[in-house]
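Take a look at the structure below.
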Amino acid sequence: MESTAPAAPPTALAMLAGSTSIVVGILWDISWHMTIGRDSFWTPAHMAIYLGGVLAGICGGWLALKTTFAGTSGERDVAVRFWGFRAPLGAWVAIWGALAMLTSAPFDDWWHNAYGLDVEILSPPHTVLAAGMIAIQLGAMLLVLAPQNRAAEGTDRSVRRWGIAFVYAAGAVLSMLAILLTEYNYPNAQHAAFFYKVSCAVYPVLLVAVARASRLRWAATLTAAFYMVITLAMVWILPLFAARPMLGPIDNPVDHMVPPGFPLLLIVPALAVDWILQRQGKQGGWRLAVGLAAAFLALFFVTQWLFADFLLSPASRNRLFAGDMQWSYGDGPGDYRYQFWNQDEDPLTPAGLGTALLLGILATRVGLWWGAWMSKVRR
C-alpha cells in the first residue's frame, strides 16, 4: 500500500531527539569520568542519557496508544500488532530499548556501590544499558524508514524529507558504534593491524546497509557526515566548560572537560560505497561485497594512516583537532602520547590487511542483506 502521508512527524522528530540525547549523553559521560570521576549517579551526563530513553519510550507508547485507539484505517494497516496493540515496528523496538535502559539504571547504581567505580566497561548493567540504547537508535531508524519506503516514487519532497531523517538516525547509530570502539580508535592505535581489522568488521555493515536501503544517492556519505558533525560538536563544545578532578590520584591536572578524540574519516570510504552502488546497482551478492570491501579498506587505510600521523604531530595540538586534549586526569605526561602503540606486537603486514579485507567482505555482505531487508520495511 503506497502512501505519501507522514506517519507522525512530531513523534518521529522527538524520537530522533532522544537518539541524539543518548549519544551526546554518552560522550559527555565519558568526558565526565575522564575529567571529574564518578561522583554521583545523578550527573547531568547520566540525565541526558536517560532523558533519551524516557523520550523514546514515551514516543513509542504514544504511537501504540494513538494507533490502536485513535488511528485511521491507513495507520492501522501499516502498523505491527503486538499484545492487541498496534504501532510502527520502530516504535516497538524503541519501547523495548527504553525498558532495557530504565531497568539497567538502578542495577548500574547498585553495581557501582557494590563493586567500585567502573570496574569494567561491559559489566552486566552496562551491557543491558548498551543494548537498550542501540535498540532505541535502531527504532528511530526504522520509524523514519517506513514512511520513506511507503512514499510513492514520484514524491521527491517526501522521499527527501524521510531520507534525510533516516540517514541522520543512522549517523547517530554510527556514532554509537565508534563510541563502543573508543579504546581501539585512539590515533596511537591506528598504525596497528587490529584497528583496521575491527574497523572493517564493524563500520561497513551500517554504511552499506544504509546506502542499500535509502533512496538518497549519497546516503552512506551523509551518514558519515552526520557522525562527524555530532562528534565534532562535542570535541569543540566540551572544553569550553571548566572542570577539575574530584578523585585521585591526579597525574594530569586538567582544568576543563576532556573532549573525545577527533572522529574517524569514514566519510572518505563512504563516498566510495555510494559511488560503487550507484554504478553497479544495489542488487548483488559476494562479487559486489568484494568490490565494496576492497574500496572501503583501501581508502580507509590510506586516509586514516596518514591522518593518524597528523593527529600525533604538533600541528594538531589546537582547539580545532584537539590533538593532545583527550587524556584523562589519570594519564600522566609522557612520550607515549605522541607514539604509535603495538607496532611490534601487532604490525600491519600484508597478512593483516588480508584479514581485514576478509572481515570487510563479510561485513559488506551482511550490510547488503540488512539493507535489502530494510528497503522492504513498510510498517
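The values are calculated or read from the model by the stated rules, or taken from the named source; none is laboratory data. From a predicted model like this one, the values you see are computed outputs, not experimental measurements. Neighbour counts are summed over all protein chains in view; Cβ atoms, including those assigned to glycine, are modelled from backbone coordinates with ideal geometry.
Hey, can you tell me all the residues within the stretch 290-313 that are without any contact (Cβ under 8 Å) to a residue 12 or more places away in the chain and of a type in the set (V, I, T)?
Selection gives V302 alone.
Can you tell me which residue is surrounded by the most Cβ atoms within 10 Å (Cβ to Cβ) among those in the stretch 314-328 that are over 14 Å from T231 (Cα atoms) and free of Cβ contacts under 8 Å to residues at least 60 places away in the same chain?
Here the answer is S316.
Given the residues W275, W341, which is the only one that is of a type in the set (F, W, Y) and closer than 20 Å to P263 by Cα?
The match here is W341.
For the stretch 310-344, enumerate the residues that are acidic (D, E) and within 25 Å of the chain's Cα centre (by Cα).
Matches in the stretch 310-344: D324 only.
Identify, from the list T349, T364, the residue that is surrounded by 15 or more Cβ atoms within 10 Å (Cβ to Cβ) and either more than 26 Å from the chain's Cα centre (by Cα) or of a type outside the set (K, R) (or both).
T364
Just for the stretch 315-364: of the residues that are among the β-branched types (V, I, T) and either touching a Gly at 6+ places or on another chain (Cβ under 9 Å) or part of a loop (DSSP other than H, G, I, E, B) (or both), which one is farthest from L207 (Cα to Cα)?
Only one residue fits best here, namely T349.
Hey, among F262, F300, which residue is modelled with pLDDT of 95 or more and assigned to a loop (DSSP other than H, G, I, E, B)?
Criteria check complete, one pass: F262.
Could you please find all residues in the stretch 19-72 being polar (S, T, N, Q) and under 16 Å from the mean Cα position of the chain (by Cα)?
S19, T20, S21
Among A315, A289, A363, which is the only one that is over 30 Å from A146 (Cα atoms), at pLDDT 90 or above and of a type outside the set (V, I, T)?
Matching residue, one of A315, A289, A363: A315.
Which condition from (1) in a helix (DSSP H, G or I); (2) closer than 25 Å to L13 by Cβ; (3) at pLDDT below 85 is the one that A169 breaks?
Against the list (1) in a helix (DSSP H, G or I); (2) closer than 25 Å to L13 by Cβ; (3) at pLDDT below 85, A169 comes up short only on (3).
What residue, among those in the stretch 19-58 that are of a type in the set (S, T, N, Q) and in contact (Cβ under 8 Å) with a residue 60 or more places away in the chain, is farthest from H256 (Cα to Cα)?
S19
Would a scan of the stretch 240-250 turn up a residue that is under 14 Å from the mean Cα position of the chain (by Cα) and either closer than 27 Å to L143 by Cβ or not basic (K, R) (or both)?
No, the stretch 240-250 contains no residue that is under 14 Å from the mean Cα position of the chain (by Cα) and either closer than 27 Å to L143 by Cβ or not basic (K, R) (or both).
Confirm whether S158 is among the small types (G, A, S), at pLDDT below 75, assigned by TED's automatic domain parsing to the domain that holds A70 and under 17 Å from L13 (Cβ atoms).
Taking the combined requirement at face value, the residue satisfies it.
With under 15 Å from G171 (Cβ atoms) and in a helix (DSSP H, G or I) as the only criterion, which of V210, V235 stands out?
V210
Quickly run through the stretch 276-286 and pick out the residues that are within 16 Å of A209 (Cα to Cα) and either in contact (Cβ under 8 Å) with a residue 24 or more places away in the chain or surrounded by fewer than 16 Cβ atoms within 10 Å (Cβ to Cβ) (or both).
Answer for the stretch 276-286, where residues must be within 16 Å of A209 (Cα to Cα) and either in contact (Cβ under 8 Å) with a residue 24 or more places away in the chain or surrounded by fewer than 16 Cβ atoms within 10 Å (Cβ to Cβ) (or both): L277, Q278, Q280, G281, K282, Q283, G284, G285, W286.
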